[in-house]
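Read the figures in this text as sums done on the coordinates, not as results from a lab. Everything numeric here is computed off the predicted structure, so don't read it as measured data. Here the Cβ positions follow ideal geometry from the backbone for every residue, glycine too, while neighbour counts run over all protein chains shown.
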Amino acid sequence: MDLVADLHTHSVSSGHAYSTVLEIARAAQVKGLAMVAITDHGPAMPGGPHAYHFGNLAAIPRRIYDVEILCGAEVNVLDQAGNVDLPVERLRTLDIVLAGLHTYCFPEGSVEDNTAGMIAAMRNPFIDIIVHPGNPEFKVNPEKIVKAAADIGIAIEINNSSLTISRAGSMCYCQKIADLAKKYGALVSIGSDSHIALSVGEFTVAAELVVAAGINPEQVICTSAERVHQYLAARRAKRPK
């Protein structure tokens, strides 16, 4: 499977990542990527940038080292109602918005609580991708999660970092989510979740899992820049004016 867009990367602005936007763009070029999204954490994350940071992303060129740059955020889901840590007026200006459940941001809850929060976030038309739903720290009902994603038309992520250096124990949960994505025809994003430029475009384990699950390449949104733009346009068409 040819993956040309890394839609989940972090710069030094996230507070716990270690590369600049220029370093991420250069790494993307070296890896042969056509597109990379800069998706720093929202302000509820310890050490994360102030909301004003996301208002100034217009300063970043949309092409660096001949790589298309999407300026976005990985917002934090805050509660079972699916509220996130950036207001709509900020979300509206971003090229791409990821959302996930994170330590220190989402209250510890039951499987039902976690599932409710994730599905509520899916229903937010300003959110484009639900990230690392296989995180064992926040166990969810995978059948409900994937079916909801398929019904809503939002992509769910298979996160390469979860399967390699972070979120120990994710593999079995991610395998289940991938199998269910195949079953329900849910859209899938494969992201590096890079926190240092060296791991930009690293998809190997996640891509192998997706292929093993028999997921149709047409379900994977990051196989071409055109496919990413088509997907994001479809998400924007669902937003209130």
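Some notes on this structure:
- Where a residue in segment 159-170 is crowded, with 22+ Cβ neighbours inside 10 Å and its partner, wherever it lies, is in a loop (DSSP other than H, G, I, E, B) and of a type in the set (Val, Ile, Thr), with Cβ under 8 Å and at least six apart: Asn159/Val131
- Counting only strands (runs of 3 or more DSSP E) that sit completely within segment 31-106, those holding 2 or more residues that are farther than 17 Å from Gly117 by Cβ correspond to 35-41, 67-76.
- Cβ separations smaller than 8 Å between residues 6+ apart or across chains give the following pairs from segment 132-144 residues that are touching a residue at least 12 places away in the same chain (Cβ under 8 Å) and part of a helix (DSSP H, G or I) to residues that are surrounded by fewer than 22 Cβ atoms within 10 Å (Cβ to Cβ) and among the basic types (Lys, Arg): Pro136/Arg167; Glu137/Arg167; Pro142/Lys176.
- Candidates Val140, Val220 - the one that is surrounded by 19 or more Cβ atoms within 10 Å (Cβ to Cβ), in contact with a strand residue (DSSP E or B) (Cβ under 7 Å, 6 or more places away or on another chain) and within 22 Å of Val75 (Cα to Cα): Val220
- Yes/no for Asp113 being in a helix (DSSP H, G or I) and over 19 Å from Lys238 (Cα atoms): yes
- Boolean, Arg167 is basic (Lys, Arg) and on the phi > 0 side of the Ramachandran plot: yes
- Contact annotation: residue pairs with Cβ atoms under 6 Å, 6 or more positions apart or on different chains, pairing a residue in segment 8-21 that is farther than 13 Å from Cys71 by Cα with a partner that is buried (at least 21 other Cβ atoms within 10 Å of the Cβ) and among the charged types (D, E, K, R), are Ser14/Asp40.
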